[in-house]
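The values are calculated or read from the model by the stated rules, or taken from the named source; none is laboratory data. Just so it is clear, the structure is predicted and the values come from calculations on it, not from any experiment. Neighbour counts run over all protein chains shown; Cβ positions are idealised from the backbone, glycine included.
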Amino acid sequence: MAAHLKVIRAGPGTTIQDSGRFHWQRFGVTPSGPMDWAAFRTVNQVLGNAQDAGTIEISIGGFEAETEVPLDLAFGGGGFLWTRDGKALSSAMRITLRPGERLAGKPGSRGAWAYLSVKGGFDTPIEMGSRSTHLRSGIGGRMIQAGDNLPVFPQSGAAGRDARVEAPWLDRDARPIRMLLGPQDDYFTADAHTLLFSEAFTLMASADRMAYRLNGPKIEHALGFNIVSDGIALGAIQIGGDGQPLVLMADHQPTGGYPKIGSVIKADIGRLAQMRPGETCRFALCSMAEARAALFTLEDKIAAVTTRAAAAGFSSEILRTLNLIDGVVDTRPDPLDQ
Amino acid sequence: MSEDIAPRFLPAGESALVVEYGRAIDPTIHDHVLALDAAIAAAPINGIIETVPTYRSLMIHFDPRATTPEALIEMLGGLDVTPQRDAGKARRWRIPVCYDPALAEDLAEVSSALHLSRERIAALHADALYRVYMYGFAPGFTFLGGLPDELAISRRATPRPPAPEGALLIAGGQALITTFAMPTGWYVIGQTPVRMFDSARAQAFFADVGDAVRFERIDLATFESLRRDAAAGALIAHEEV
């Protein structure tokens with residue numbers, strides 16, 4: 001019998017995402033994919049999964065699940081608080097969930113999206129080349145709901161050891177969000193450019209997988225705010241008629257008719273995605289060379305992510321303390337990890 | 001053959017490049033976009049993931065690990081992108097449309113705004129030859145160029161309630177076919193039973209950007225009948241040869 005993860009509770013907006021739906025944007029199809037690709041990729045990397053494995057993206061509404069067979073899985077991202085049968089776990093771990101145990105994740109003091117993957121990935125249906133769910137069009141299915149049994153690819157024997165994921169890039173990071181200029185940076189006044197990089201912007205309540213609307217000083221257009229539609233890439237910072245930035249996120253439409261002053265760099269888009277409404281950020285200008293270097297550095301760190309064995313019943317904080325005191329805990333990378 | 005236009009290369013983050021041939025809605029500009037798109041499809045360039053043609057530019061999504069914007073611009077400069085519409089693969093589609101009052105909620109409003117009879121509006125809209133300029137907003141939302149000047153009407157200041165799937169919309173000198181119900185500032189002047197997008201169909205999308213579209217008027221009874229066929233998976237639209 002194929003294994004499943006049984007969903008006990010899922011907050012609204014919790015979906016299956018893989019690395020995204022490509023090659024259909026020319027027909028108006030949204031690429032989707034994870035809001036925080038670094039967190040998504042990290043949980044799959046520690047399981048030895050392919051970079052496009054079907055993964056649960058958990059919204060701020062939280063998530064609970066059980067299993068009927070032992071399942072190797074990993075979770076992390078957004079500083080969520082995780083428990084197994086009510087006992088605290090670390091915010092990013094690889095564990096074996098056993099029948100009768102209940103895994104629960106809920107938001108902590110920060111963050112908006114967490115990722116839960118199983119070894120091998122979730123075997124949900126592929127539509128137009130991807131398992132990613134796009135809720136607005138219905139492509140790739142619907143939201144995950146209580147009672148769903150999510151099919152899992154067959155696993156070859158559970159590892160049986162809990163391990164903490166050593167991924168400091170998932171920690172809170174309040175540095176400015178870096179961006180590149182273009183394609184319509186020349187549509188804006190010099191003052192608009194100055195304000196964009198000198199003032200703070202607050203995330204509005206309407207933030208969703210499609211776009212994050214920010215509120216700050218008015219960014220003035222020099223050439224009007226209607227342009228003949230052109231392409232939109234992930235992270236594009238569009239300035240509409242109200243002079244406020246709208247950052248196009250994973251579920252962005254492929255084309256649009258507002259000027260885009262710049263783009264959030266890929267290395268920082270996950271940090272923006274993890275903001276909550278009411279939180280503020282600043283933007284910093286960077287060069288193409290810096291953007292590429294930041295992306296490659298982050299990708300390389302994720303590819304080399306390690307885990308640290310954790311004893312059952314202890315929180316990671318306790319383990320870290322023990323380790324500092326007497327070196328009881330094995331800090332070497334787990335040889336089972338790839 | 002059209003006059004050659006030198007493109008502008010504009011960055012759109014570290015994973016996308018815009019090749020812009022102009023800032024207007026214009027067949028010559030669009031011809032260049034299509035020519036570049038075709039040239040890339042014919043001779044794939046390392047690192048390009050997908051291309052998205054729009055009215056006036058081609059967005060190139062690429063893998064930054066495999067290439068750089070500079071390298072792409074150099075490669076693209078070596079392509080022959082002289083527009084050659086005759087040699088192109090543009091197809092012609094005939095799409096049934098119905099202007100029955102039951103399906104054309106805003107026809108009366110457009111009629112009074114433009115001082116044209118409802119029949120005149122339907123005739124002008126139905127008899128024009130269109131080109132698919134772009135898909136956008138949502139899967140299968142088809143942006144058409146070629147709307148007669150007499151039907152130029154500004155967008156509403158505030159959106160109207162959701163227009164149904166298959167609605168024929170006009171505004172800002174453009175025509176549009178919808179695939180999902182959505183609130184819109186455009187005017188609904190008719191409806192087609194054709195599904196421009198149906199993921200259950202063998203061909204989820206049938207019309208490529210650059211294809212030509214003609215409308216064919218049908219009555220309400222035919223519309224209802226064809227809509228049932230479309231729901232059962234039939235394409236309904238016909239390719240002209």
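Does A:Arg209 qualify as being of a type outside the set (A, V, I, L, M, F, W, C) and either surrounded by 15 or more Cβ atoms within 10 Å (Cβ to Cβ) or modelled with pLDDT of 95 or more (or both)? Spell out how you get there, then give the answer.
Details: of a type outside the set (A, V, I, L, M, F, W, C): yes; either surrounded by 15 or more Cβ atoms within 10 Å (Cβ to Cβ) or modelled with pLDDT of 95 or more (or both): yes.
Judged against the criteria, A:Arg209 is a match.
Residues in the range B:35-48 include none that are within 9 Å of another protein chain (Cβ to nearest Cβ), in a strand (DSSP E or B), at pLDDT 95 or above and more than 18 Å from B:Ala90 (Cα to Cα). Among the residues making up the range B:1-49, those that are under 20 Å from the mean Cα position of the chain (by Cα), of a type in the set (A, V, I, L, M, F, W, C) and closer than 18 Å to A:Thr255 by Cβ are B:Val18, B:Val19, B:Ala24, B:Ile25, B:Ile29, B:Val33, B:Leu34, B:Leu36.
For A:Gly54, indicate whether it is in contact with a strand residue (DSSP E or B) (Cβ under 8 Å, 6 or more places away or on another chain), within 16 Å of A:Leu116 (Cβ to Cβ) and buried (at least 22 other Cβ atoms within 10 Å of the Cβ). Quick ask: steps written out before the conclusion?
Values: in contact with a strand residue (DSSP E or B) (Cβ under 8 Å, 6 or more places away or on another chain): yes; within 16 Å of A:Leu116 (Cβ to Cβ): yes; buried (at least 22 other Cβ atoms within 10 Å of the Cβ): yes.
Here the answer is yes, as A:Gly54 does meet what is asked.
Each residue in the range A:150-209 was checked for being within 26 Å of A:Lys87 (Cα to Cα) and of a type in the set (A, V, I, L, M, F, W, C), and 9 of them qualify. Only one of the numbered conditions (1) touching a helix residue (DSSP H, G or I) at 6+ places or on another chain (Cβ under 9 Å); (2) buried (at least 17 other Cβ atoms within 10 Å of the Cβ) is not met by B:Pro101, and that is (2).
From the list A:Lys301, A:Lys260, A:Lys266, exactly one residue is touching a residue at least 60 places away in the same chain (Cβ under 8 Å), touching a Phe, Trp or Tyr at 6+ places or on another chain (Cβ under 8 Å) and at the interface with chain B (Cβ under 9 Å from one of its Cβ atoms). Which is it?
Details: A:Lys301 fails: at the interface with chain B (Cβ under 9 Å from one of its Cβ atoms); A:Lys260 fails: touching a Phe, Trp or Tyr at 6+ places or on another chain (Cβ under 8 Å).
The unique qualifying residue is A:Lys266.
Determine which member of the set A:Leu170, A:Leu181 is surrounded by 15 or more Cβ atoms within 10 Å (Cβ to Cβ) and within 14 Å of chain B (Cβ to nearest Cβ). After ruling out the rest, the residue left standing is A:Leu181.
In the range B:129-159, which residue that is under 21 Å from B:Pro53 (Cβ atoms) and more than 14 Å from chain A (Cβ to nearest Cβ) is nearest to the chain's Cα centre (by Cα)? Reasoning before the result, please.
We begin by selecting, within the range B:129-159, every residue under 21 Å from B:Pro53 (Cβ atoms); these are B:129-147.
Checking the rest, the ones that are also more than 14 Å from chain A (Cβ to nearest Cβ) come to B:129-131, B:146-147.
On the way: B:Leu129: 13, B:Tyr130: 9, B:Arg131: 7, B:Gly146: 10, B:Leu147: 12 Å.
Per the stated criteria, the residue is B:Arg131.
Residues in the range A:119-157 that are in a loop (DSSP other than H, G, I, E, B), of a type in the set (Gly, Ala, Ser), crowded, with 19+ Cβ neighbours inside 10 Å and within 14 Å of another protein chain (Cβ to nearest Cβ): A:Ser132, A:Ser137, A:Gly140. If we scan the range A:31-41, do we find a residue that is within 14 Å of chain B (Cβ to nearest Cβ), assigned to a loop (DSSP other than H, G, I, E, B), surrounded by 24 or more Cβ atoms within 10 Å (Cβ to Cβ) and of a type in the set (A, V, I, L, M, F, W, C)? No.
State whether the residues of the range A:242-255 include one that is more than 21 Å from A:Gly111 (Cα to Cα), in contact with an Asp or Glu (Cβ under 8 Å, 6 or more places away or on another chain) and surrounded by 22 or more Cβ atoms within 10 Å (Cβ to Cβ). Reasoning before the result, please.
From the range A:242-255, those more than 21 Å from A:Gly111 (Cα to Cα) are A:242-244, A:253-255; that's our starting set.
Those still in the list that are in contact with an Asp or Glu (Cβ under 8 Å, 6 or more places away or on another chain) too: A:243, A:255.
In the following step, the residues that additionally are surrounded by 22 or more Cβ atoms within 10 Å (Cβ to Cβ) were identified as A:255.
Taking every residue of the range A:242-255 in turn, at least one turns out to be more than 21 Å from A:Gly111 (Cα to Cα), in contact with an Asp or Glu (Cβ under 8 Å, 6 or more places away or on another chain) and surrounded by 22 or more Cβ atoms within 10 Å (Cβ to Cβ).
Condition first: in contact with a helix residue (DSSP H, G or I) (Cβ under 7 Å, 6 or more places away or on another chain) and among the basic types (Lys, Arg). Now tell me which residues in the range B:104-130 satisfy that. If the condition is that a residue be in contact with a helix residue (DSSP H, G or I) (Cβ under 7 Å, 6 or more places away or on another chain) and among the basic types (Lys, Arg), then B:Arg118 is the only one that fits. Quick check: is even one residue across the range B:54-73 within 14 Å of chain A (Cβ to nearest Cβ), in contact with a strand residue (DSSP E or B) (Cβ under 8 Å, 6 or more places away or on another chain) and among the charged types (D, E, K, R)? Checked the range B:54-73: at least one residue is within 14 Å of chain A (Cβ to nearest Cβ), in contact with a strand residue (DSSP E or B) (Cβ under 8 Å, 6 or more places away or on another chain) and among the charged types (D, E, K, R).
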